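The values are calculated or read from the model by the stated rules, or taken from the named source; none is laboratory data. All figures in this text were calculated on a predicted structure; none of them were measured in a lab. Here the Cβ positions follow ideal geometry from the backbone for every residue, glycine too, while neighbour counts run over all protein chains shown.
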Amino acid sequence: MLLLSLITLVTLFALLGSGVWVAFALMGTAWIALAFFSPFDPNPILASDFWGASYGWDLTALPMFIWMGEILFRSGLADNMFRGLSPWLNRLPGRLLHTNIIGSGLFAAVCGSSAATCATVGKMTLPELERRGYDSHMAIGTLASASTLGLLIPPSIVLIVYGVVTEQSISRLFMAGIGPGLMILALFMSYLVLWALIKGRRDGLTGADEADMPLSQKLRNTLALMPILLLIGGIIASIYAGLASPTEAAAVGVTLSIVIARINGHFDRQIFADSLFAAVRTACMIAFIIAGASFLTSAMGFTQVPMRLAQAIGDMGLSPTQLLVALTLLLLVMGCFLDGISLILLVTSIIMPVISAAGFDLIWFGIYLVIVVEMSQITPPVGFNLFVIQSLTGKDILTITRATLPFFLLMLLAIALMHLFPAIALYLPRVMTG
């Protein structure tokens, strides 16, 4: 078993390191495991798994939410968020730096993509914060870190993928993501307030800022936030109230996003085509990886590697806390080389028997897994958000990494709090579903 596990891991990392597409790396590893270490013919299993992983009602929500995010990405939504949020943050320590955190949280809720959130909000906020004299390290840190919440705050593409491959309720996963998402936002904002107060600058500025707006102007600017708030509220409420499935809510979300983009005056035939083709490319890439992960899951089942691994870990007598610490370290290392969806699919293909045997709630574990994936987005050398920030600012990776380090540690704190108080993630699913 140890030899087979070692060969499987070496094969997988060799294929990933060679630059092969993630889906092909997963398929190649599975095919080698079946062909050389089991009596089963891998070809019929490959065909069956590809067909089985390529359809399903829940999976249809994926391209719709991606398309909704692509439309809003091109609709000028970030401009509206900045105008609507900034007047209300003038008296809060840290002031407009909070727009990176709150704006990323709002945009993440309708976009679902960490990189898209980082790029969209960053294009709007970073030049403005620099012009007003805000600390550049804190501006970078808040943006890179808060934009990762696109993976957690519903509707989340990653949670849909996890729900499909582990056969967990997507609605329950969406509910479970709200509490931890708000907790991380609160941790980020609390740290920012504390930083501003310790620095002795209540506003967090190194230079002068604009005077407060009249209340009437604030209210007019806030109206720009209403379409996005109604969109988020409508999608989440329809799912939680049982009025619509995630797929149906996604279809309504696409329609409403088109209306919002049209109202903003940033929607035409070209934007429609660009957003549709971008959504198709992304959805096909994810579906291809899901199919490859499904084949790897079957291969691991036939070779009994996960079951034997679970038994070996059980024989080690690790407590759930020790297992979680070891798993977090492993996932952070793997996350340095894999994107979020690939990492989640790889983990669910290999170690889910270990997680089930340890007694972890699979809804809770899905939220934990997404938070670790968020952390990998700001971990070098392959933290995607770091590269997005680098393209926006021109700063080197080490400088950007240092700016995000405090927020990385806050995410570790969030995992510890979730482990100590599982109700942070599980309370809403239990209440809403009885």
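Data overview
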item: Where a residue in region 284-306 is of a type in the set (A, V, I, L, M, F, W, C) and its partner, wherever it lies, is not in a helix (DSSP H, G or I), with Cβ under 7 Å and at least six apart; result: Ala287/Ser54; Ala291/Ser54; Phe302/Ser38; Phe302/Phe40; Val305/Met1
item: Filtered residue count, region 241-283, keeping only those that are outside any helix (DSSP H, G or I) and either surrounded by fewer than 18 Cβ atoms within 10 Å (Cβ to Cβ) or without any contact (Cβ under 8 Å) to a residue 60 or more places away in the chain (or both); result: 9
item: Condition met for Leu343 (part of a helix (DSSP H, G or I), at pLDDT below 85 and either out of contact with any strand residue (DSSP E or B) (no Cβ under 7 Å at 6 or more places or on another chain) or not polar (S, T, N, Q) (or both)); result: yes
item: Candidate set: region 416-434, residues that are touching a helix residue (DSSP H, G or I) at 6+ places or on another chain (Cβ under 6 Å) and either within 18 Å of Thr148 (Cβ to Cβ) or of a type in the set (Val, Ile, Thr) (or both); chosen: the one surrounded by the most Cβ atoms within 10 Å (Cβ to Cβ); result: Ala425
item: Given (1) closer than 30 Å to Pro127 by Cα; (2) touching a helix residue (DSSP H, G or I) at 6+ places or on another chain (Cβ under 7 Å); (3) exposed (fewer than 15 other Cβ atoms within 10 Å of the Cβ), index of the condition Ala403 fails; result: (3)
item: Listing of helices (runs of 4 or more DSSP H) fully contained in region 62-164 that carry 2 or more residues being under 19 Å from Gln377 (Cα atoms) and at pLDDT 80 or above; result: 98-111, 136-146
item: Any hit, region 411-418, residues being more than 14 Å from Ile363 (Cα to Cα), without any contact (Cβ under 8 Å) to a residue 12 or more places away in the chain and not small (Gly, Ala, Ser); result: no
item: Checklist (1) surrounded by 17 or more Cβ atoms within 10 Å (Cβ to Cβ); (2) in contact with a Cys (Cβ under 8 Å, 6 or more places away or on another chain); (3) modelled with pLDDT under 75 applied to Ile350, failing item; result: (2)
item: Residues that are free of Cβ contacts under 8 Å to residues at least 60 places away in the same chain and β-branched (Val, Ile, Thr), drawn from region 386-398; result: Ile397
